[in-house]
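Peer 1: Provided herewith is a single structure, encoded as structure tokens, for subsequent inquiry.
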Amino acid sequence: MHPAFSVVFFTTATGAGYGLLALLGVLGGLGFIPADFWLGLVGMALALGLIVAGLLSSTGHLGRPERAWRAFSQWRSSWLSREGVASVATFIPTALFGIGWVLLGRSGGWVAAAGLLAAVGAATTVCTTGMIYASLKPIAQWHSPYTLPAYLIFAGMTGSVLANALLQGFNVGSNAMLAFALLATLAGWGWKLATWRYNDRLEIPTTANTATGLTGGTVRSIEWPHTEENYLLKEMGFRIARKHSAKLRRITQALAFAVPAVLLAGVFITPWSFAAIASALAAICQLAGMLVERWLFFAEAKHTVTLYYGRQ
């Protein structure tokens, strides 16, 4: 029993990809980032590569991947379906923006409009992803006011650190983007600490007694309802030792927040060659840390159904 890596990678890669796409759409479309062919090509390829890789990995989590297209029909009631619709719809303005900004070397006008629509689509898709988890009432750690903002904050954080690395690599970096990436990293760190504090103090009123409706005495399970593991036990019944959780939290803080923040701060006072290397290392380190953070996000969640298996 362990969180599926396909979902861990999906939420990490698409968050970073959509964050980078939104920044390129706004800043590139409005002319704050120069319409340079190679800069635009590498930036768009990186953003779309992360998005597509994440979306493809999510299909590996399905029991029948060939039926994934059916999820699009349930957009009226399913956040998962809305996520799929939003992700596909975002590709339309993204393609127009890429043609204008990368191939034609233009900004402003219809290119800016397409870039802004791509940014809105990216933010909308990240919101729908966050709502998939925030809407699940049986999982108290996810059904909280911290989940949806976390997805937006982390997308902006990883996207801005990637954007800074991109600009530094092409020697067109700005202190404004660097400062934004640093502040976003510190904001993400603070939000993660607040989330952990909230979850650690969370008191879940549901017990085996309230779940079964039996109020006399203490209800306990003496035998599983079935003989094999099911989906919920594999995905949301994982038990992680407190000491391992604490260790992984420290690793998350170091890789996703502390080290990138130090590297980004150092970029302010280093020459271009060192600044480019430090910015790239900050982006790589942060993405590795976010993989650990996402794994913990799933591993520490507990579904109410586990009460029927003797868990408290």
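Peer 1: Of the conditions (1) touching a Ser or Thr at 6+ places or on another chain (Cβ under 7 Å); (2) in a helix (DSSP H, G or I); (3) modelled with pLDDT under 95, Gly31 clears all except one; give me its number.
Peer 2: Answer for Gly31: the failing condition is (2).
Peer 1: Can you find, within segment 95-109, the residue that is surrounded by the fewest Cβ atoms within 10 Å (Cβ to Cβ) among those that are in contact with a Gly (Cβ under 7 Å, 6 or more places away or on another chain) and part of a helix (DSSP H, G or I)? Before you say what the answer is, go through the steps one by one.
Peer 2: Taking segment 95-109 and keeping what is in contact with a Gly (Cβ under 7 Å, 6 or more places away or on another chain), we get 97, 101-102, 106-108.
With the extra rule that they be part of a helix (DSSP H, G or I), the set shrinks to 97, 101-102.
Details: Phe97: 28, Trp101: 30, Val102: 23.
The residue in question is Val102.
Peer 1: Just a yes or no: is a residue in segment 284-295 in contact with a Gly (Cβ under 9 Å, 6 or more places away or on another chain), assigned to a helix (DSSP H, G or I) and surrounded by fewer than 16 Cβ atoms within 10 Å (Cβ to Cβ)?
Peer 2: Within segment 284-295, none of the residues are in contact with a Gly (Cβ under 9 Å, 6 or more places away or on another chain), assigned to a helix (DSSP H, G or I) and surrounded by fewer than 16 Cβ atoms within 10 Å (Cβ to Cβ).
Peer 1: Kindly list, by first and then second residue, each pair from a residue in segment 41-61 that is outside any helix (DSSP H, G or I) to a residue that is open to solvent by less than 30 Å² (accessible area, probe 1.4 Å), limited to pairs with Cβ atoms under 7 Å and residues at least 6 apart or on different chains.
Peer 2: Sorted first by the residue in segment 41-61, then by its partner, the pairs are Gly60/Ser6; His61/Ala4; His61/Ser6; His61/Val7.
Peer 1: For segment 68-91, how many residues are open to solvent by 40 Å² or more (accessible area, probe 1.4 Å), among the small types (Gly, Ala, Ser) and at pLDDT 90 or above?
Peer 2: 1
Peer 1: Assuming Val42 fulfils every condition listed in (1) more than 21 Å from the chain's Cα centre (by Cα); (2) open to solvent by less than 60 Å² (accessible area, probe 1.4 Å) apart from one, which condition is it?
Peer 2: Among (1) more than 21 Å from the chain's Cα centre (by Cα); (2) open to solvent by less than 60 Å² (accessible area, probe 1.4 Å), Val42 violates only (2).
Peer 1: Residue check: is Gly173 surrounded by 13 or more Cβ atoms within 10 Å (Cβ to Cβ) and at pLDDT 70 or above?
Peer 2: Here the answer is yes, as Gly173 does meet what is asked.
Peer 1: Could you run through segment 178-202 and say how many residues are charged (D, E, K, R) and in contact with a Phe, Trp or Tyr (Cβ under 9 Å, 6 or more places away or on another chain)?
Peer 2: Qualifying residue count for the region: 1.
Peer 1: I'm trying to understand the selection: among the residues of segment 1-31, which are small (Gly, Ala, Ser), within 16 Å of the chain's Cα centre (by Cα) and buried (at least 24 other Cβ atoms within 10 Å of the Cβ)?
Peer 2: Ala13, Gly15, Ala16, Gly17, Gly19, Ala22
Peer 1: Filter segment 261-279 down to residues that are open to solvent by 40 Å² or more (accessible area, probe 1.4 Å) and more than 20 Å from Leu186 (Cβ to Cβ) and give me whichever is modelled with the highest pLDDT.
Peer 2: The selected residue is Ile277.
Peer 1: Taking the criterion of being in contact with a strand residue (DSSP E or B) (Cβ under 7 Å, 6 or more places away or on another chain), assigned to a helix (DSSP H, G or I) and at pLDDT below 95, would at least one residue in segment 246-260 satisfy it?
Peer 2: There is no residue in segment 246-260 that is in contact with a strand residue (DSSP E or B) (Cβ under 7 Å, 6 or more places away or on another chain), assigned to a helix (DSSP H, G or I) and at pLDDT below 95.
Peer 1: Sticking with this one: Could you give every pair whose Cβ atoms fall below 6 Å, whose first residue belongs to segment 291-312 and is farther than 18 Å from Arg201 by Cα and at pLDDT 70 or above, and whose second residue is crowded, with 21+ Cβ neighbours inside 10 Å and among the aliphatic types (A, V, I, L, M), counting only separations of at least 6 or pairs across chains?
Peer 2: Glu293/Ala256; Arg294/Val8; Trp295/Val8
Peer 1: Restrict the check to segment 176-193 and report whether at least one residue is closer than 19 Å to Leu23 by Cβ and either surrounded by fewer than 13 Cβ atoms within 10 Å (Cβ to Cβ) or at pLDDT below 90 (or both).
Peer 2: Checked against the condition, which is being closer than 19 Å to Leu23 by Cβ and either surrounded by fewer than 13 Cβ atoms within 10 Å (Cβ to Cβ) or at pLDDT below 90 (or both), segment 176-193 yields at least one hit.
Peer 1: Give all pairs with beta carbons closer than 9 Å in which a residue from segment 134-145 that is at pLDDT 85 or above meets a residue that is of a type in the set (D, E, K, R) and surrounded by fewer than 16 Cβ atoms within 10 Å (Cβ to Cβ); count only pairs at least 6 apart in sequence or on separate chains.
Peer 2: His143/Lys137
The values are calculated or read from the model by the stated rules, or taken from the named source; none is laboratory data. Since the model is a prediction, treat every value here as computed from it, not as a measurement. When we count neighbours, we look across all protein chains shown, and the Cβ atoms used for this are built from the backbone with ideal geometry, even at glycine. For the accessible areas, the whole protein counts, side chains as well, though only heavy atoms, and no ligand, DNA or RNA atoms are used. Shrake-Rupley method; radii C 1.70, N 1.55, O 1.52, S 1.80 Å.
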